1. Can you report the principal axis dimensions of region 28-133 using only the alpha carbons, biggest first, rounded to whole angstrom?
2. For the peptides 95-107, 68-80, what is the packing order when you average, over each peptide's residues, the other Cβ atoms within 10 Å and list the highest mean first?
3. At 1.4 Å probe size, what's the solvent-accessible area of V88? Round to the nearest 10 Å².
4. Take the alpha carbon gyration tensor of region 31-71, find the square roots of its eigenvalues, order them as a ≥ b ≥ c, and report rounded if a/c is under 1.5; if not, report prolate when a/b exceeds b/c, else oblate.
5. For region 20-79, which GluC sites (Glu not before Pro) are in a loop by DSSP, counting at most 16 other Cβ atoms within 10 Å?
6. Need the full-extension length gain, F71 to R103, defined as separation in residues times 0.36 nm minus the C-alpha distance. One decimal, nm.
7. Around R103, under 11 Å between beta carbons, what's the net of Lys plus Arg minus Asp minus Glu among the other residues?
8. At 1.4 Å probe radius, can you tell me the per residue accessible area of region 32-106 in Å²?
Amino acid sequence: MIKHLALLLFLCSFLLPACQPKETTVLISTNMGDIRVRLYDETPQHRDNFLKLAEEGFFDSTLFHRVIRDFMIQGGDPNSKNAQPGIVLGGGGPGYTIPAEIRMPHVRGALAAARLADQANPQRASSGSQFFI
């Protein structure tokens, strides 16, 4: 019995990590506090793009330009850097989109890539930089 339990624990130590989504953690610092988010390996193009932009400083000094209480916050528009009051934001980006990688559920607190509605974007491509929580 003890041999079987030891074998089971040994196998679980190798198999359980493989069953769990692999992730990278990123810290978003704001003047309202820090937000820690996870980027999963199941969406590699989105993960790698977010990390590349962050490392390049693309998101530095951008605003959360869309804030809906008890629903979501959206950021990542480079046009929000030094934006004057009254300027409509939300149309800026790095000049490219990312093919859809819709593999993770959108649940409260999830980080997700923003995109245009299906009618204007039947391929469901994501913004190259805009994200929401």
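The values are calculated or read from the model by the stated rules, or taken from the named source; none is laboratory data. This one's a predicted model, so the numbers in the text were calculated from it and none came from an experiment. All Cβ positions, glycine included, derive from the backbone under ideal geometry; neighbour counts span all protein chains shown. Please note that ligands, DNA and RNA were not included when accessible areas were found on the heavy atoms of the full protein model with its side chains. Shrake-Rupley method; radii C 1.70, N 1.55, O 1.52, S 1.80 Å.
1. Sorted from largest, the Cα extents of region 28-133 read 35, 31, 30 Å.
2. Details: 95-107: 12.2, 68-80: 15.8.
Result, highest mean first: 68-80, 95-107.
3. Number for this one is 140 Å².
4. The shape class here is oblate.
5. Answer in residue order: E42.
6. 9.4 nm
7. -3
8. That works out to 68 Å² per residue.
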